[in-house]
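Working notes, beginning with the structure itself.
The values are calculated or read from the model by the stated rules, or taken from the named source; none is laboratory data. Source: prediction; values computed, not measured. No Cβ is skipped: glycine too gets one built from the backbone with ideal geometry, and neighbour counts run over all protein chains shown.
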Amino acid sequence: RRDLERTRIRTPFAGRLRATHTELGSYLTPGARVADFDSTGRYEIRLPVSLDDLAFLEAQTGADALLKASVAGQDLVWKGTVARTEGEVERASRSVYLVVEIEEDSRPENAFLKPGIFLRAEVAGRVAKGVFQIPRRAFLDEARLVVVGPGDKLEIRSVKTLRGGRDSVLVSEGLQEGERVCLTSLPAPMNGMEVRVLESGQGSDAQAAKF
């Protein structure tokens, strides 16, 4: 009885009890699993990032991150910081994990910030200067598009792309500001072919604008 009165179970951090693995009257032995605790004050979230995307992050540590979730009809947002990058590449997906830290505070939405919640993440990327955002439908293949040159004549142009998305592609070389890119799908475009250009806003061509 005296030993029981002297017994105290302490955790090395401030936390929240998640589960117990013993019952009233059970005997505890050294090394036995007693309970599971979740640390409070700071949360860590592992984000899988492809190697291709990793190259476009502003910084692999210290970058700002937004974590979002929809809970009970509410759109919740938490601000975090990329604390570190795990050192191993996952072979199956060719991705690495960023670890984002969120500081817990007294905001009401933190009541929903629990281990296991599904989050969507946005991490700040580096700024690319002197590039053009071109709709993907304008490309003949991965590196060629059609430019409407002087006299409304077509030129099939090879360009260098920086990054491609589902709907658009960033072009880093091969275009000049103010050049017109043909967005119309032509059956057999050729260099020097004359075309009729519709007025701006009718969707046939777009003027290249530098970012």
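General remarks:
- Checking each residue in region 1-36 for being outside any strand (DSSP E or B) and of a type in the set (Gly, Ala, Ser) picks out Ala14, Gly25, Ser26, Gly31, Ala32.
- Taken over region 61-81, the criterion of being assigned to a strand (DSSP E or B) and either at pLDDT below 85 or not small (Gly, Ala, Ser) (or both) is satisfied by Asp64, Leu66, Leu67, Lys68, Val71, Gln74, Asp75, Leu76, Val77, Trp78, Lys79, Thr81.
- Flag for Leu175 being surrounded by 11 or more Cβ atoms within 10 Å (Cβ to Cβ), touching a strand residue (DSSP E or B) at 6+ places or on another chain (Cβ under 9 Å), outside any strand (DSSP E or B) and touching a residue at least 24 places away in the same chain (Cβ under 8 Å): yes
- Of residues in region 142-154 being more than 20 Å from Asp52 (Cα to Cα) and without any contact (Cβ under 8 Å) to a residue 40 or more places away in the chain, the one surrounded by the most Cβ atoms within 10 Å (Cβ to Cβ): Leu145
- Residue in region 155-174 that is farther than 30 Å from Asp52 by Cα, modelled with pLDDT of 90 or more and more than 32 Å from the chain's Cα centre (by Cα) present: yes
- Selection from region 56-68 of residues that are under 12 Å from the mean Cα position of the chain (by Cα) and under 19 Å from Val89 (Cβ atoms): Phe56, Leu57
- Residues that are under 30 Å from Thr85 (Cβ atoms) and in contact (Cβ under 8 Å) with a residue 24 or more places away in the chain within region 1-23 comprise Thr11, Phe13, Ala14, Gly15, Arg16, Arg18, listed in sequence order.
- Pick from region 155-172, criterion in contact with a Gly (Cβ under 8 Å, 6 or more places away or on another chain) and within 21 Å of Leu57 (Cα to Cα), ranking: surrounded by the most Cβ atoms within 10 Å (Cβ to Cβ): Leu170
- The one condition in (1) in a loop (DSSP other than H, G, I, E, B); (2) closer than 18 Å to Glu177 by Cα that Leu145 fails to fulfil: (1)
- Residue match in region 24-36 (condition: in contact (Cβ under 8 Å) with a residue 40 or more places away in the chain and not assigned by TED's automatic domain parsing to the domain that holds Leu162): no
Residue-by-condition table, conditions (1) on the phi > 0 side of the Ramachandran plot; (2) touching a residue at least 24 places away in the same chain (Cβ under 8 Å); (3) small (Gly, Ala, Ser):
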residue: Asp38; (1), (2), (3): no, yes, no
residue: Ile45; (1), (2), (3): no, yes, no
residue: Leu57; (1), (2), (3): no, yes, no
residue: Ala65; (1), (2), (3): no, yes, yes
residue: Thr81; (1), (2), (3): no, no, no
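- Residue match in region 37-44 (condition: part of a strand (DSSP E or B), hydroxyl-bearing (Ser, Thr, Tyr), surrounded by 15 or more Cβ atoms within 10 Å (Cβ to Cβ) and at pLDDT below 85): yes
- Within region 96-109, considering residues that are in contact with a Leu (Cβ under 7 Å, 6 or more places away or on another chain) and part of a strand (DSSP E or B), the one modelled with the lowest pLDDT: Ile102
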